[in-house]
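Trainee: Here it is: the structure, laid out below.
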Amino acid sequence: MTRPDFSRRAFLSFSGLGAAALLSSCASSYRPPISDDGSLGGMVQPSAPLGAFGPPSKPELDAMYGAISDGGFVIPAVPYQQIPPRYYRQRVADPTGYPAGTIVVDTPNRFLYLVEPGGTAMRYGVGIGREGFAWQGEGVIQWRQKWPKWTPPDEMVARQPQLAQYSSANGGMAPGLMNPLGARALYIFQNGRDTLYRLHGSPEWNSIGKAVSSGCVRLMNQDIIDLYDRVPNKARVEVLQ
């Protein structure tokens with residue numbers, strides 16, 4: 001299937017670079033031009049009635065990011081006033097061109113889009129992997145989990161021995177408010193194999209919009225719950241650099 005211009009433009013700027021250069025670009029300072037509403041510069045936006053999109057109102061934000069009880073845990077309210085407004089969950093005109101039901105992660109601009117029918121998309125602010133840890137490509141949400149355990153890969157345990165208590169041999173970290181995978185996790189597979197790359201919640205709301213995690217895409221817990229409930233089974237995922 002031919003990728004639309006959104007994907008081609010994202011990758012062509014890296015043509016001629018080796019794999020090491022691609023990896024080092026994951027947390028680079030480069031970002032495509034971005035308008036005040038968060039859309040990608042230089043892209044043709046679908047027409048939409050004035051006022052149909054845009055940042056949510058304060059009452060909507062209070063409801064979206066207030067404290068919630070879920071799965072036996074009380075997720076604290078997010079102080080959304082301390083987060084750049086463009087990272088608030090909101091419906092936007094779809095800039096991606098992908099089919100409805102596709103998840104598109106725009107790594108440079110720290111956005112995740114869930115493409116909807118009719119030319120719109122739900123957009124979420126995300127935190128992404130640090131330099132050298134990010135992954136790119138196409139995959140499928142093969143598995144999903146509410147309040148997952150977290151089991152760091154053996155390579156991570158080797159780098160950070162203090163995580164050995166959460167290794168697979170020790171059963172991983174139990175679900176909970178401080179679990180790095182948060183309230184939900186969506187597991188990306190490629191060609192039938194686990195990429196070890198996740199879309200997941202996080203208690204660290206202040207990491208949204210930044211490159212801080214070890215390779216995975218993190219959302220605020222309130223946002224990952226919303227995304228989890230919207231994503232179709234076996235959803236296609238595109239992670240673009």
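FYI, it's all coordinate maths here, none of it is from the lab. Owing to the predicted nature of the structure, the values given are computational and were not obtained by experimental measurement. Glycine gets a Cβ as well: all are built from the backbone with ideal geometry, and neighbour counts include every protein chain shown.
Trainee: Compute the relative contact order of the range 89-178 as a whole-number percentage, counting only Cα pairs closer than 8 Å that sit 6 or more residues apart in sequence.
Mentor: Working: 111 pairs, mean separation 17.2, N = 90.
Once normalised by length, the contact order is 19 percent.
Trainee: Taking the Cα centre of the range 92-235 as origin and charging only Cβ (+1 Lys, Arg; -1 Asp, Glu), how large is the dipole, in debye to the nearest 20? It would help to have the intermediate numbers written out before the result.
Mentor: On the way: 14 positive and 12 negative charges, 48 e Å.
Here the size comes out at about 240 debye.
Trainee: Still on this structure, I have one more. Sort Ile188, Ile83, Ile128 by Cβ crowding within 10 Å, fewest neighbours at the top. Could the numbers behind the result be given before it?
Mentor: Working: Ile188 25, Ile83 18, Ile128 29.
Taking fewest neighbouring Cβ atoms as first place, the list is Ile83, Ile188, Ile128.
Trainee: Give the separation of the Cα centroids, the range 162-235 to the range 59-102, in Å.
Mentor: If you average the Cα positions of each part, the centres end up 16 Å apart.
Trainee: If you don't mind, another one. Determine the sum of side-chain charges near Gly125: Lys and Arg each +1, Asp and Glu each -1, restricted to other residues whose C-beta is under 13 angstrom from that of Gly125. Walk me through the intermediate numbers first.
Mentor: Values: positive: Arg86, Arg89, Arg110, Arg123, Lys210, Arg218; negative: Asp106, Glu204, Asp223, Asp226.
Overall, the nearby charge balance is +2.
Trainee: Starting from 0.36 nm per residue, how many nanometres of slack lie between Ala164 and Ala77 once their C-alpha separation is accounted for? Please list the in-between numbers first.
Mentor: Numbers: separation 87, 0.36 × 87 = 31.32 nm, distance 3.11 nm.
Length gained, Ala164 through Ala77: 28.2 nm.
Trainee: Between Glu155 and Glu60, what is the label-to-label distance in nm when each label sits 7 Å out along the Cα-to-Cβ direction?
Mentor: Between Glu155 and Glu60, the simple spin-label model gives 4.0 nm.
Trainee: Do any of Lys149/Lys210; Lys58/Lys234; Lys58/Lys146; Lys210/Lys234 go past 26 Å between their Cα atoms, and which?
Mentor: On the way: Lys149/Lys210 24 Å; Lys58/Lys234 34 Å; Lys58/Lys146 28 Å; Lys210/Lys234 28 Å.
In this structure, Lys58/Lys234; Lys58/Lys146; Lys210/Lys234 lie more than 26 Å apart at Cα.
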